[in-house]
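*Asks:* Before I ask anything, let me first share the structure, which is written out below as structure tokens.
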Amino acid sequence: AQTVTQSQPEMSVQEAETVTLSCTYDTSESNYYLFWYKQPPSRQMILVIRQEAYKQQNATENRFSVNFQKAAKSFSLKISDSQLGDTAMYFCAFMIWQGAQKLVFGQGTRLTINP
Amino acid sequence: TAGITQAPTSQILAAGRSMTLRCTQDMRHNAMYWYRQDLGLGLRLIHYSNTAGTTGKGEVPDGYSVSRANTDDFPLTLASAVPSQTSVYFCASSDRQGAIRNTEAFFGQGTRLTVV
């Protein structure tokens with residue numbers, strides 16, 4: 001089975017702090033992509049960062065970075081210098097090609113940045 | 001470009017009635033998906049299609065059907081709605097082949113469906 005698990009339903013930090021969101025996944029595939037999506041109250045789904053499974057170097061996008069541990073099937077998201085606009089639901093996901101292309105999501109983590 | 005358009009934005013539906021949620025994309029993406037979003041459960045895949053003329057079942061397909069007559073449209077039909085189908089529904093698309101820059105999935109704005 002292809003699954004994604006986000007063990008933190010909610011998190012809350014103060015503005016300017018660093019926060020790490022956890023994600024683990026399970027797949028027998030060797031080639032896949034990993035993603036973090038952000039969903040603000042507007043309901044829009046916004047891609048935050050992506051990682052190719054065959055690349056060992058962790059992806060970085062400005063204040064967002066990942067810690068990708070392929071053997072442990074772990075893909076955490078670190079947000080540095082958090083801002084009020086980072087308040088949102090965050091979803092971890094992976095895309096696989098298993099005869100068919102599928103995009104599988106985790107349960108989500110609700111992140112609140114407090115002023 | 002518009003990207004992905006879903007209609008309607010929201011709907012209240014009587015139990016037992018049928019309804020089709022519409023999804024259209026203008027990016028010529030091969031792959032399209034339907035998800036339902038429920039609190040605490042994240043986005044669960046209902047059905048997907050990797051190319052026009054083909055569809056597949058996702059994690060929660062029961063009570064839903066889809067068709068893919070062409071590349072751009074991927075409607076989701078509830079034949080006889082039940083209250084447990086109350087949810088927010090998202091349509092998404094991605095390019096099935098190509099470099100990593102094409103693997104990003106693009107989402108519609110969602111349809112909030114309430115079955116009463």
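*Asks:* Distance in nm between label sites at B:MET27 and A:GLN69, each 7 Å beyond Cα in the beta-carbon direction?
*Replies:* A separation of 3.2 nm, rounded to one decimal place.
*Asks:* Now for a separate question. Using a simple spin-label model with points 7 Å from Cα along the Cα→Cβ vector, what separation in nm is obtained for B:LEU41 and B:THR114?
*Replies:* 1.9 nm
*Asks:* Roughly how many Å is it from the Cα centre of the stretch A:38-110 to that of the stretch A:2-33, as a whole number?
*Replies:* So the two Cα centres are separated by 7 Å.
*Asks:* Sticking with this one: If packing is taken as the average count of other Cβ atoms within 10 Å, what order do A:18-25, A:58-65 fall into, highest mean first? Walk me through the numbers before you get to the answer.
*Replies:* Numbers: A:18-25: 18.6, A:58-65: 14.4.
So the order, starting with the most tightly packed, is A:18-25, A:58-65.
*Asks:* Work out the mean other chain Cβ neighbour count within 10 Å for the residues of A:40-46 and drop it here as an integer.
*Replies:* Average per residue, whole number: 4.
*Asks:* Which percent of the accessible area of the protein assembly as shown is formed by carbon and sulfur heavy atoms (probe 1.4 angstrom)?
*Replies:* It is 47 percent, rounded to a whole number.
*Asks:* Determine which lysines satisfy two conditions relative to A:LYS70: a Cα distance under 23 Å, and not lying fewer than 8 residues away in the same chain.
*Replies:* A:LYS38, A:LYS55, A:LYS78, A:LYS102
*Asks:* If you take each beta carbon of peptide A:82-92 and count the beta carbons of other chains within 10 angstrom, what is the mean?
*Replies:* Mean number of neighbouring Cβ atoms from other chains: 1.
*Asks:* Only four residue types carry charge here, +1 at the Cβ of Lys and Arg and -1 at the Cβ of Asp and Glu. Report the dipole size of the protein assembly as shown about the Cα centre in Debye, rounded to the nearest 20.
*Replies:* Numbers: 20 positive and 17 negative charges, 70 e Å.
For the protein assembly as shown, the charge dipole is close to 340 debye.
*Asks:* Next question. Just subtract the alpha-carbon distance of A:ASN114 and A:ASN58 from 0.36 nm times their residue separation and send over the number in nm, one decimal. Numbers along the way, then the final one.
*Replies:* Numbers: separation 56, 0.36 × 56 = 20.16 nm, distance 2.78 nm.
Additional length available on full extension: 17.4 nm.
*Asks:* Residue by residue through B:40-47, how many Cβ atoms from other chains fall within 10 Å of the Cβ on average?
*Replies:* Working: counts 3, 4, 13, 12, 3, 5, 0, 0.
That works out to 5 on average.
*Asks:* Oh, and also: Rounded to whole Hz and in sequence order, give me ³J(HN,Hα) for the stretch B:30-40 from the Karplus expression 6.51 cos²θ - 1.76 cosθ + 1.60, θ = phi - 60°, writing x for Gly and Pro.
*Replies:* 6, 8, 9, 9, 10, 10, 10, 10, 10, 4, x
*Asks:* Enter the buried accessible area of the B/A pair, total of both sides, probe 1.4 Å, in Å² rounded to the nearest 100.
*Replies:* Chain pair B/A: roughly 2000 Å² of buried accessible area.
*Asks:* Solvent-accessible area per residue for the protein assembly as shown at a 1.4 Å probe radius, Å²? Kindly include the intermediate steps, with their values, before the conclusion.
*Replies:* Numbers: 10600 Å² over 231 residues.
Per residue, the protein assembly as shown has an accessible area of 46 Å².
*Asks:* Run the numbers on the stretch A:3-114 and let me know its relative contact order in percent, using alpha-carbon pairs under 8 Å that are six or more apart.
*Replies:* Values: 269 pairs, mean separation 42.1, N = 112.
The value is 38 percent.
The values are calculated or read from the model by the stated rules, or taken from the named source; none is laboratory data. Only a predicted model underlies this, so the values are computations on that prediction, with no experimental measurement involved. Here the Cβ is made from the backbone with ideal geometry for all residues, glycine too, and neighbour counts use every protein chain on show. Heads up: the accessible areas ignore ligands, DNA and RNA and are worked out on the full protein's heavy atoms, side chains in. Shrake-Rupley method; radii C 1.70, N 1.55, O 1.52, S 1.80 Å.
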